[in-house]
Protein chains: 2
Amino acid sequence: MKKIPSIGEAEWQVMNVLWEKGEATFSEIRSALKEHSWSQTTIHTMLTRLIKKGVVAIKEGISPYVFYPLVSREECRKHETFSFLKRVYNGSVKLFLANFVNDVELSDREIDELLKMLEKCKTTEQPSEGENDNA
Amino acid sequence: MKKIPSIGEAEWQVMNVLWEKGEATFSEIRSALKEHSWSQTTIHTMLTRLIKKGVVAIKEGISPYVFYPLVSREECRKHETFSFLKRVYNGSVKLFLANFVNDVELSDREIDELLKMLEKCKTTEQPSEGENDNA
DNA sequence: ATCTATATTCTACATTTGTAGTATGCAATT
DNA sequence: AATTGCATACTACAAATGTAGAATATAGAT
């Protein structure tokens, strides 16, 4: 698992475009972000910084540059999740969840889905006898 | 619910002391933070900024200032949680949870506890007949 | 070769955050 | 009153982030 740098609020927006498109030229990125009234250079600056941070790269040799992500959204999300947990909850998952189920008003449907996920998780987690998990 | 400003990593550490102690003089804060090798002025700067942000205040008139928090840890945690959800998961609780139960390796015990919390939550949420929740 | 539009780079500036030196105020002590 | 020590304030600086103007390059049209 590679080192994930910190990614700012606005940078996430740019990354989102890249993650959703897989790869994109600058104008594609720009038009995908047109709802944000960012100037072109602003977007370019962010791309440059993301490249410097090692999370975005350019396909070399092609006329209009093609940008693509070097890290997966999942990796970044995971990284953010843990840094959030650490900062705000001293890393206590338990504490976090106790607050979370209160703060976020989950619908009954969401709760049920979550329950299902957790049940599945439990079965998968415990390696009692069947150590072979064929996904 | 008052406006919660953004609170940085290091600032959280200071807030934690205040939240845990309820109130504290500077030296108390300093000694509570001694594991971080911060210079005194660093801590003071953070307190000043937290005051400017409106999340900490000083009990006026007393010899060594007594600092105390103006916002609860719960409020701040909630605020951080939502801003995290928004930034990283576009606000999708569902998406977040699906990833979360995978990323965080919950022990079976934790899963059980969470299941219990959720069940309770479900009962509490639906206001079918018993609208009166005596905590 | 020149013009024009798009592509790409460089530079700049404000704000937030982490970090800390220096200076001043005040109080107890000699 | 001068000294010493803690309390409080002022100032400074670097890195990260959001934001964008200005300059240059490059390609296609004239």
Evaluation of residue A:93 against (1) open to solvent by 10 Å² or more (accessible area, probe 1.4 Å); (2) among the aliphatic types (A, V, I, L, M); (3) farther than 30 Å from residue B:107 by Cα (one fails), failing number: (3)
State all residues of the range B:1-27 that are within 9 Å of DNA strand D (Cβ to nearest atom) and surrounded by 15 or more Cβ atoms within 10 Å (Cβ to Cβ); if no residue qualifies, say none. B:25, B:26
Could you list, in sequence order, the residues of the range A:90-125 that are facing another protein chain (nearest Cβ under 7 Å), in contact with a Cys (Cβ under 8 Å, 6 or more places away or on another chain) and under 15 Å from residue B:80 (Cα atoms)? A:101
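Need a quick list: helices (runs of 4 or more DSSP H) entirely within the range B:1-89 having at least 3 residues that are more than 11 Å from DNA strand C (Cβ to nearest atom) and either within 14 Å of chain A (Cβ to nearest Cβ) or farther than 26 Å from residue A:98 by Cβ (or both). Break it down stepwise before answering.
Details: elements: B:9-21, B:26-32, B:40-52, B:73-89.
The helices (runs of 4 or more DSSP H) meeting that bar are B:9-21, B:26-32, B:73-89.
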All conditions in (1) in contact (Cβ under 8 Å) with a residue 24 or more places away in the chain; (2) outside the structural domain of residue B:118 (by TED's automatic domain parsing); (3) open to solvent by 30 Å² or more (accessible area, probe 1.4 Å) are true of residue B:62 except (1)
If residue B:88 meets every condition in (1) open to solvent by 40 Å² or more (accessible area, probe 1.4 Å); (2) not assigned by TED's automatic domain parsing to the domain that holds residue B:28 apart from one, which number is that one? (1)
Pairing a residue in the range A:1-30 that is over 12 Å from residue B:88 (Cβ atoms) and β-branched (Val, Ile, Thr) with any residue that is within 15 Å of DNA strand C (Cβ to nearest atom) and not in a helix (DSSP H, G or I), where Cβ atoms lie under 6 Å and the two sit 6 or more apart in sequence or on different chains, gives A:25/A:64; A:25/A:66
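The values are calculated or read from the model by the stated rules, or taken from the named source; none is laboratory data. Only a predicted model underlies this, so the values are computations on that prediction, with no experimental measurement involved. Please note: Cβ atoms are built from the backbone with ideal geometry, for glycine as well, and neighbour counts cover all protein chains shown. Just so you know, the surface numbers come from the protein's heavy atoms only, side chains and all, with ligands and any DNA or RNA stripped out. Shrake-Rupley method; radii C 1.70, N 1.55, O 1.52, S 1.80 Å.
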